[in-house]
1. Tell me, what ³J(HN,Hα) does each residue in region 107-123 have, in order and in whole Hz, if you take phi through Karplus 6.51 cos²θ - 1.76 cosθ + 1.60 with θ = phi - 60° and put x for Gly and Pro?
2. Tally Lys and Arg at +1 and Asp and Glu at -1 over the other residues with C-beta under 14 Å from the C-beta of residue 26: what net charge comes out?
3. If eta is 1.567 mPa s and T is 4 °C, what Stokes-Einstein diffusion coefficient results for region 73-143, Kirkwood Rh from Cα pairs, in µm²/s?
4. Could you state the number of Å between the C-alpha centres of region 238-308 and region 355-369?
5. List the residues, sorted by chain then number, that are 5 or more residues from residue 76 or on another chain and whose placed amide H is less than 5 Å from its amide H.
6. Find, among the trypsin sites (Lys or Arg not before Pro) in region 223-279, those assigned to loop by DSSP (not H, G, I, E, B) with at most 12 other beta-carbon atoms within 10 angstrom.
7. How many nm separate the modelled label positions at residue 216 and residue 27, each set 7 Å beyond the Cα in the direction of the Cβ?
8. Accessible area of the chain with a 1.4 Å probe: how many percent of it is carbon plus sulfur?
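The values are calculated or read from the model by the stated rules, or taken from the named source; none is laboratory data. This one's a predicted model, so the numbers in the text were calculated from it and none came from an experiment. Note that we place each Cβ from the backbone using ideal geometry, even for glycine, and neighbour counts take in every protein chain shown. Accessible surface is based on the protein model in full, side chains and every heavy atom, while ligands, DNA and RNA are left aside. Shrake-Rupley method; radii C 1.70, N 1.55, O 1.52, S 1.80 Å.
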Amino acid sequence: MPAVHFVGARERYTSSNVIERFKGALEKGELHDLFSQGDLVAVKFDAGEKTALGYVRPPIVKAIVDAIYSCGGYPVLLDTLNMNTKASDVGRNWLEATALHGFSVTSLGKSPMLADGYTGEEELLVPVEGGELGGVEVARAIAESHALVVVSHVAAHPFAGLSGALVSCGVGCVSLKGKGRVHAPLRPIFLQDRCDGCGECERHCPHGAVSLENNEPQLDEKSCIGCAYYCTAACPVGAIVIDRSSTMRFQKRVVDSAMAVNTALKGKVYYVNVLIDICPYPDCYPFSDVPFVSDQGILMSSDPVALDSATLSVIDEAPGLPGSIAEECDALSPGRGKLFHITGVDPKEMILYAVKQGLGQGDFRVFKV
């Protein structure tokens, strides 16, 4: 049964400091078995969006860097580009976000780099025997590293249910073309009876795929690349939705892509899920909203499926916070299905598919640090 190590968020005295416990758990745990002396170890994190407050905190990334050095590896800090703007702007936006959020050589000891290049085109096509994908473009700097640590700022996800290890690996570790392949099934559906013709969807579509005709939104299928986060997030009246069959295909493609990343790294991947500032939207969104459960801590494992299963369990067992989306969705009480109530998508379906594909195990054993 896979081991999941849990560093709780509570700090009662000096020696219970979360960062120190986390770093100690990394140095004494499975990280040692991930790489050999002098190996290049990629640390993949998401710098977040410039206008959002939900992202992993730099001291957590720094603790991972220090632990890798302590274990004899050579860490390289990497992120990949999001689908939220044109190729000419994505690199500049990422540089501004890393600076705003404190991911710098001063805070981390080294500067982060883009694993897929300044325009998101540096990639390596990795074949995979998935139910949806036969291959995916893994970001080149990640694919060519000796080992990989995937750092996830846990959040709800509108199309996967959970943004954790599987999403951070399957979406966050691939190039822009790879992301397009994973997101391809997602096409917005416009509910005209709800639409008030405000035009926000047209203004916020990064690729000009939405236009208003007679105050009604229309989709240009050829221009749409499936980055449905931005049009759905822009709509203030909930008139843009994604159907269930599309989200199910997206979940499978996330897993297939994560399998390709795992193949590229020959299984030398470790996963860290950060359950602090657990927001309703993933880090690629232009906003975060308030957390819907209190800070829980940090979970880590070499099995991404077990890790996400444990993450779901921790979130389900936590009471929802008044004044958050948990209250709006009647999900304040501890119990199963909190993320399904919030997103309308069941993350367990993605986990079950990952188990079926052999990416990991759904069962786990938690070791508290």
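1. Result, ordered by residue: 7, 10, x, 6, 8, x, 10, 8, 5, 10, x, 5, 10, x, 10, 8, 8 Hz.
2. On the way: positive: 21, 23, 28, 62; negative: 20, 27, 30, 33, 66.
Local charge sum for residue 26: -1.
3. Numbers: Rh = 13.5 Å.
Diffusion coefficient, whole number: 96 µm²/s.
4. Using only Cα atoms, the two centres lie 15 Å from each other.
5. Excluding prolines and chain starts, which carry no amide H, the hits are 41, 42, 43.
6. Numbers: sites: 244, 249, 252, 253, 266, 268; in loops: 266, 268.
Of the trypsin sites (Lys or Arg not before Pro), the ones in loops of region 223-279 whose Cβ has at most 12 other Cβ atoms within 10 Å are 266.
7. Modelled inter-label distance: 6.5 nm.
8. Values: 7620 of 15190 Å².
Here it works out to 50 percent.
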